[in-house]
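Have a look at the structure below before the remarks.
The numbers here are math on the coordinates, done by the rules we state, and not lab data. The structure presented is a predicted model; accordingly, all values stated were derived computationally and were not measured. Every residue, glycine as well, gets a Cβ built from its backbone with ideal geometry; the counts of neighbours run over all protein chains shown.
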Amino acid sequence: MSGKIEREIENLRELIREHDHKYYVLAEPSISDEEYDKLLKQLEKLEAENPQLITPDSPTQRVGKDLTKNFNPVTHKIPMLSLANTYSEYELLDFDRRVREGIPKAQKIEYVVELKIDGASVSLNYVNGLLKTAATRGDGTVGEEITVNVKTIKSIPLKLKNINSLKDRFKDIEVRGEIYMNIADFEKLNKEREKNGEKLFANPRNSSAGTLKLQDPRIVAKRPLNIFLYSLISTEDKLESQFKNLEILKNLGFRVNPETILCKNIEEVIEACKKLESKRDSLEYEVDGAVIKVNSIDQQNILGSIAKSPRWAVAYKFKAKQAFTYLNKITWQVGRTGAITPVAELEPVFLAGSTISRATLHNYDEIKRKDIREGDKVVIEKGGDVIPKIVSVILSERGPKSKEAKPPTKCPVCNSPIFKPEEEVAYYCENSECSAQIKGRIEHFASRGAMDIEGLGEALINLFVELGYLTTYDQIYDLKNKRAELIKIERLGEKSIDNLLEAIEESKKQPFAKVLFALGIRYVGSGAAKKLADHFMSIDELMKASEEDISKIHEIGPSISKSLIKFFSDKHNLKIVQRLKEHGLNLMSVKKQNMQTQFTGKTFVLTGTLLNFSREEAEEKISNFGGKTTSSVSKNTDYVIAGENAGSKLTKAQALGVKIINENTFVKMLEEAEIK
Ligand code: IVH
C-alpha cells in the first residue's frame with residue numbers, strides 16, 4: 001500500500017519538476033496555471049496525509065517557515081575569483097597576447113564570450129543530484145550560507161535533471177552563477193516599497209543581493225529572483241571546455257544565458273563584444289559588460305590565476321549609458337555631516353532601467369568647472385551602481401534663459417550660518433541640530449550597510465523626525481515604548497509598526513564593526529570601521545586610544561584618527577554611545593568576549609615574504625585572535641610562520657625545534673578561527 005503511495009508521490013514530484021523546468025527555465029509552459037496548481041495541491045494533500053514521505057527535494061519544500069538567525073560562513077572549496085576589467089579593443093588584444101604567451105605555440109585558442117549579468121553571484125553545491133548548500137561569494141574565500149533563501153527560486157532545481165544517466169560523473173558538483181532581477185520586476189518592487197514608505201533599492205543588483213540576505217524565506221519567495229548559471233566545477237569528472245560545460249548545465253536542468261558566443265580568435269571576440277553591447281537595451285535584465293573566457297579547461301588550468309583574478313578570463317565593460325535632458329534647477333541638499341551639496345533637478349528621462357530626475361553635482365567648483373547652468377541641455381550618465389551624474393553641457397544649445405547658480409549664503413534647510421573649511425571645497429551648515437543633518441544621521445544609522453533596520457527608510461525617518469519622535473539615533477531603541485501612539489499615526493498601523501519594532505530589536509545583533517560604522521563618524525567608512533573594530537575590539541579601548549595609536553593601524557590615515565578623537569571628545573556623542581550601550585548594542589567584538597582559538601596566548605615570529613598579507617596585516621590578524629608577534633625566535637616562540645625566502649630566523653627555529661608553519665597553514669588557522 002505505502003509503496004504505491006510512495007510511487008504516486010514520486011511521480012507527481014517528477015511531473016511538477018518537469019513543468020517547473022518548462023516554465024521557469026525554458027519559458028515554454030505546456031500546461032495552464034490551473035492545471036499546475038491542481039498537481040501541486042494533489043501533492044500537498046498526499047504529503048499531508050503521509051508526512052513521513054516528505055523529502056527535502058520535494059517541490060513543496062521550497063519555502064521554509066523558520067527565520068534564518070545567522071547566515072553561517074561557508075569556505076569555498078575553490079575560491080570565487082573576480083575578473084580584471086578591460087575597456088577597449090586595445091586592452092582585449094593585450095589580454096589575448098598574455099593568454100597566447102602562456103599557452104604552447106602549437107595550440108589553438110578559442111574563447112567563449114558571455115554576458116556579464118549584473119546581480120549577486122552564488123555558488124550551489126549538489127551532492128548525489130540534490131541541492132545541498134548555496135552560498136554567497138563573500139570575500140571570495142568565505143561566503144555565507146543562503147540555502148534556505150535560494151531554494152525559493154523556482155528556476156533553481158532542487159534535484160538535477162537526467163541525473164540517473166550522469167550520476168557517476170557528477171556525484172558532487174559545484175555550479176556558480178548570478179542571481180538577478182528583471183528590470184521591470186525591480187521597478188514594480190520599488191513602487192510597492194515606495195507606497196509602503198520603505199527604503200528604495202538603488203538598482204536591481206542591490207535588490208537581489210539584499211533579498212538573498214533576508215531572514216524570512218517567505219518574503220524571499222515573493223521576490224522575483226532569477227538565475228543564470230555560468231560555471232560548472234567537478235573534481236571527479238574531466239571537463240573539456242566552457243562551451244560544453246554550459247551544455248552540461250542545461251542538460252542538468254539549469255538556466256543558462258542564451259547570448260553566448262564561441263569565438264575562434266580575438267577578432268571574433270571583439271565582434272562578439274560589440275554585438276552583445278548593441279543588444280544591451282533590448283535585454284530584460286541589467287548587464288554591465290561581457291565576460292571573455294578561454295574555452296579549453298586544460299588551457300585555463302595552464303594559465304591559472306594571479307592574486308584574485310584568473311589569467312584565462314577578463315571582463316569587457318560596456319560604456320556607461322548616456323542620455324540628454326534639461327537641467328531645470330539647481331537645489332542645495334544638506335547631508336548628515338552638514339555638507340551642503342548641489343543637486344541637479346532634471347527633466348525626467350529614462351536611462352538604463354530607471355527614470356532619472358536628479359543627479360549629483362558634487363560641489364560648487366564642479367558646477368563652475370563644467371560651466372553648468374540652470375536651463376541648460378545636458379548629457380547625463382549612469383554607470384553600474386553610481387548615482388547619475390552630469391557629464392557635460394551642450395553649449396551650442398544654450399539659450400538666453402540659462403542662468404548661473406549662486407552658492408548658498410545660509411543653510412537652505414535651517415537658515416543657520418554656513419562655513420567653508422579651508423582645505424575643502426564644500427560649504428557646511430554649522431547647526432548640528434539642523435533637521436536635515438538629524439535625518440541624514442538617522443538614515444545612515446538604519447541603512448543596510450550599518451544597523452540594517454528593515455522598514456526604517458527615508459520616508460518613515462522624515463515622519464518620525466518631524467513628529468518629534470527622533471532627534472538622535474539612539475532614540476530608535478525607545479520607539480518600542482511609544483507603540484500605542486505610533487500605531488495611531490495615519491497609514492502606519494499595527495502590523496507595520498510591530499514589524500518595525502521587531503526589526504529594531506533584531507538590529508541589536510549587528511556586530512561591533514557595523515555599529516561603529518553606523519555612528520556616522522566622519523571618514524569612518526565600513527572598511528575603516530571593520531579595521532578599527534578588529535584592532536581595538538571594543539569601543540572603550542577605541543575611546544582610550546590616542547590619535548597616534550589610531551593612525552598606527554594599517555591603512556588608517558590621520559583624517560580618520562583626528563575625526564575619531566573629535567567625535568569622542570564631544571559630550572553629546574558620549575551620551576549617545578552610553579545610551580546605545582544601555583540598549584544592549586554590540587560595542588565590543590564577540591571575539592573578545594569569549595573566543596578561544598589556536599592563536600590564543602601563542603607567540604608567533606614572521607619571517608620571509610608572505611604572498612597574501614603584508615607583515616602588518618598578518619600581525620594584526622594574529623593579535624585579533626588573541627596571539628602575539630615578536631621579532632626574534634627563542635624557545636618561548638610557539639610558531640614561526642615562514643614565507644618565501646625565509647632566512648636566519650628559520651634556521652634558528654629549526655635548531656631550537658620550534659614549530660614551523662607555511663603560509664597555507666597560517667591561512668587555514670585563520671579561517672578556522674574566523675569560523676569560531
Ligand atoms: S565568471 C573566474 N561569468 O562578475 C571567473 N562572472 O568580477 C569569475 N558575473 O563575481 C566569474 N556574469 O558575479 C562570470 N557570465 C559570467 C558572469 C560573471 C556576471 C559576475 C560574477 C563575478 C563577477 C566577476
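Among the residues of segment 156-192, the one identified as within 16 Å of the ligand (Cβ to nearest atom) and of a type in the set (S, T, N, Q) is Asn182. On the stretch given as segment 210-236, residues that are crowded, with 16+ Cβ neighbours inside 10 Å and either under 22 Å from Lys77 (Cα atoms) or free of Cβ contacts under 8 Å to residues at least 40 places away in the same chain (or both) total 10. Among the residues making up segment 272-291, those that are more than 23 Å from the chain's Cα centre (by Cα) and either surrounded by 19 or more Cβ atoms within 10 Å (Cβ to Cβ) or away from the ligand (no atom under 15 Å from the Cβ) (or both) are Ala272, Cys273, Lys274, Lys275, Leu276, Ser278, Asp281, Ser282. Residues of segment 104-140 that are buried (at least 18 other Cβ atoms within 10 Å of the Cβ), out of contact with any Asp or Glu (no Cβ under 7 Å at 6 or more places or on another chain) and outside any strand (DSSP E or B): Ile109, Glu110, Gly129, Arg137. Residue pairs whose Cβ atoms lie under 7 Å apart, sitting 6 or more positions apart in sequence or on different chains, and linking a residue in segment 300-311 that is over 15 Å from Asn85 (Cα atoms) to a partner that is more than 12 Å from the ligand (Cβ to nearest atom) and in a helix (DSSP H, G or I), are Ile302/Gly102; Leu303/Val99; Leu303/Gly102. Of all the residues in segment 530-582, those that are free of Cβ contacts under 8 Å to residues at least 60 places away in the same chain, of a type in the set (A, V, I, L, M, F, W, C) and within 17 Å of Thr337 (Cα to Cα) number 5. Go through segment 326-354 and give me each residue that's assigned to a strand (DSSP E or B) and closer than 25 Å to Gly520 by Cα. The answer is Thr331, Trp332, Gln333, Val334, Ala339, Ile340, Thr341, Pro342, Val343.
Here Glu144 meets each of (1) within 16 Å of the ligand (Cβ to nearest atom); (2) crowded, with 18+ Cβ neighbours inside 10 Å; (3) of a type in the set (Asp, Glu) with one exception, condition (2).
Checking the structure you have, find out if any residue of segment 7-27 is loosely packed, with under 14 Cβ neighbours inside 10 Å, within 16 Å of the ligand (Cβ to nearest atom) and either in a loop (DSSP other than H, G, I, E, B) or not small (Gly, Ala, Ser) (or both). No, there is no match, as no residue in segment 7-27 is loosely packed, with under 14 Cβ neighbours inside 10 Å, within 16 Å of the ligand (Cβ to nearest atom) and either in a loop (DSSP other than H, G, I, E, B) or not small (Gly, Ala, Ser) (or both). Among the residues of segment 213-248, those that are more than 17 Å from Ile153 (Cα to Cα) and either away from the ligand (no atom under 12 Å from the Cβ) or of a type in the set (D, E, K, R) (or both) comprise Ser234, Thr235, Glu236, Asp237, Lys238, Leu239, Glu240, Ser241, Phe243, Lys244, Glu247, Ile248. Considering segment 28-55, and only residues there that are among the hydrophobic types (A, V, I, L, M, F, W, C) and surrounded by 13 or more Cβ atoms within 10 Å (Cβ to Cβ), the residue that is farthest from Lys151 (Cα to Cα) turns out to be Ile31.
Being in contact with a helix residue (DSSP H, G or I) (Cβ under 6 Å, 6 or more places away or on another chain) and part of a loop (DSSP other than H, G, I, E, B): is that true of Val633 here? Against the criterion (in contact with a helix residue (DSSP H, G or I) (Cβ under 6 Å, 6 or more places away or on another chain) and part of a loop (DSSP other than H, G, I, E, B)), Val633 qualifies.
Only residues that are in contact with a strand residue (DSSP E or B) (Cβ under 6 Å, 6 or more places away or on another chain) and either surrounded by 19 or more Cβ atoms within 10 Å (Cβ to Cβ) or under 29 Å from Lys199 (Cβ atoms) (or both) were counted across segment 392-429, and they come to 11. Listed by first and then second residue, the pairs with beta-carbon distance under 6 Å, at least 6 apart or on different chains, first residue in segment 649-674 and in contact (Cβ under 8 Å) with a residue 60 or more places away in the chain, second among the acidic types (Asp, Glu), form an empty list.
In segment 73-91, the residue that is farthest from Asn265 (Cα to Cα) out of those that are away from the ligand (no atom under 16 Å from the Cβ) and surrounded by 14 or more Cβ atoms within 10 Å (Cβ to Cβ) is Pro73.
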